[in-house]
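Single-structure report; data block below.
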Amino acid sequence: MEQFFAENSWIVAVAVVWTLPWKGVALWKAARAGSLKWFIALLVVNTLGVLEILYIFIFSKKKPKSEGVSNA
């Protein structure tokens, strides 16, 4: 395994370059939204950007506030 990474260190470099921006944006959105559980999950779990992308585009979407009073 060590020999594989020694010979193919570019794979690790590509994974890091791919993951860091996604993780950064997802952590920033989770922190701004006050989602402590998501922040911890995104910080601890490494899924090569998959969980981060799902959070950014699906789970971080704010639900529209429903108006309590309608103008009828």
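Any read-out appearing in this document is the output of simple, stated calculations on the displayed coordinates, not a laboratory observation. Note that the structure is a prediction, hence the values are computed from the model and not measured. Quick reminder, even Gly has a Cβ in these numbers, built from the backbone with ideal geometry, and neighbours come from all protein chains shown.
Of the residues making up region 24-47, those that are under 14 Å from F59 (Cα atoms) and either part of a helix (DSSP H, G or I) or under 10 Å from the mean Cα position of the chain (by Cα) (or both) number 15.
The residues in region 8-27 that are exposed (fewer than 13 other Cβ atoms within 10 Å of the Cβ) and out of contact with any Leu (no Cβ under 9 Å at 6 or more places or on another chain) can be counted, and the count is 12.
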